[in-house]
Amino acid sequence: MFQSLFQSYACRNGHMSIVQALVKKYNADVNIRAKHGVTPFQLAIWQNQLHICTYLATECGIIPRQEMNDFGCGIIHWLGIVPRSRSDNIISLAKWIIEEHGIDIYSKQNQGHTVLHKASWGGQLELVKYLHEIHGMHDDTKDHAGNYAADLCDMANTPNHSKIASYLRKECSLEYRESCIILGIEKNSSEEEIRRAYLEKARLCHPDRSSKGGDGKEESNSISNSKILYGDDDFQLVKKAYEHLMSGGIATKQKNPAHSIHLLLENQGNAPRDGIANEIYPRDGVSDCGEEDHELKLFKTRLVAVLLEYGEKGLDLSNIPKKWNQVWPDVAFPNVTNIQERRNNQLQQTDEQNHDRKGKPKRTRTRKKGQLLRFIQEYAGEVVNITRVEDNGQVLISPKDISSYREKFPWVASNVGTNLK
């Protein structure tokens, strides 16, 4: 009882007097682990209870850098998912973790998430700015599913997350930094400063300029901090940097191609006509369904985009609608029940098919999971594998012919799932 009180209540809720009493009077185990290896110290970090964290580290022998749960999340990752309602003075906690205890901000947990991924997913703009402006962290690291931190903001799809995504794709972009270096200007320079720097560099390296009498000798130049030969390549580099900064300096590379339906269609350009490229509807010929056509348009392609993040391992059937909403926030997952009812009506089943022996209508509704499975089998069976785990009955859905995707898109997961929690 005392252990549960210590872990699930006192530490996470910041009750110092109760924590001290449980430790000193009742010998509470400060290293006790709950489900998934979560400790009282980790919960205190998660709820931004710096005073509890300090007490456990200084008085109870907790070593912050050794704290890690079963998902490979250290306290730096717990910092990133502090709830926004608990985020007042979160920078004080961040400084204690990073600056006082020297925790590596670039460490990754099992899904390849850094603290920048976690903070972005958690909507912590202040923490994202601290990580970049104080510690020089850029959004240049993909997780195992190919997501940059900005991609996770896109999945969350809120006004606050959109603001963070914009910040990440400009201020935390290596492209933005490189463009500034090429022109020799500071970040956030005005348009006039950008234009002036461009003209100066352009005159220096324009291919029409006869430098050194046109003998092609090397000269020291600040472009890319290297020695170069003046010529068209260097001019194009300067021109590209100028155009990039004048267009707002937004990154073009911080985007997981898994979220691009156009790339998936391109990848399937030579697929059989009953595959993903042509989006054929069920083989019974029911395709002219009006609203149903609209709802199911490109369903298979979008489903594959969801599944690619999980590779051969597959995604649990019951989690597909939730993950769909993260990857495709603007496209609702098809209403399986309504589609099935409309399909039955269009097929104009006979009374014998629709009624039992006593003449009563047959029940058409089935358990939600079974209904979803049959829907996927019927509407996407050509492009997915369905595997049932014998031990626990779990149903896993994965893309067919995963190797063809991996050849073109190296980010496709290989037996690795993703967990954004």
> Simple spin-label model, 7 Å along Cα-to-Cβ: H36 to S247 in nm?
Replying inline: 4.0
> Here are some pairs, K187/K239; K163/K253; K142/K253; K35/K322; K170/K240; which of them have Cα atoms lying more than 20 Å apart in this structure?
Replying inline: K35/K322
> Rounded, prolate or oblate: which fits the stretch 2-148 when a ≥ b ≥ c are the square roots of the eigenvalues of the alpha-carbon gyration tensor, with rounded for a/c under 1.5 and prolate only if a/b beats b/c?
Replying inline: prolate
> For the stretch 86-181, what does the alpha-carbon gyration tensor say about shape, rounded, prolate or oblate, given a ≥ b ≥ c as the root eigenvalues, a/c under 1.5 as rounded, and a/b over b/c as prolate?
Replying inline: rounded
> Given R₀ = 25 Å, FRET efficiency for K240-E133 by Cβ-Cβ distance, to 0.05?
Replying inline: 0.45
> Label S162 and D29 with points 7 Å out from Cα along Cα→Cβ: what is the distance between them in nm?
Replying inline: 4.9
>> Please list 3J(HN,Hα) in residue order for the stretch 385-400, calculated via the Karplus relation 6.51 cos²θ - 1.76 cosθ + 1.60 where θ = phi - 60°; whole Hz, with x for glycine and proline.
In response: 9, 10, 10, 9, 7, 5, 4, 10, x, 4, 10, 10, 10, 9, x, 6
> Amide H to amide H under 5 Å from V384: which residues, 5+ apart in sequence or cross-chain, H placed 1.01 Å off N in plane?
Replying inline: K400
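Bear in mind these aren't lab numbers, they're just calculated from the coordinates by the rules spelled out. All values reported here derive from a predicted model rather than from experimental measurement. Using ideal geometry, Cβ is built from the backbone for each residue, glycine included, and neighbour counts are taken over all protein chains shown.
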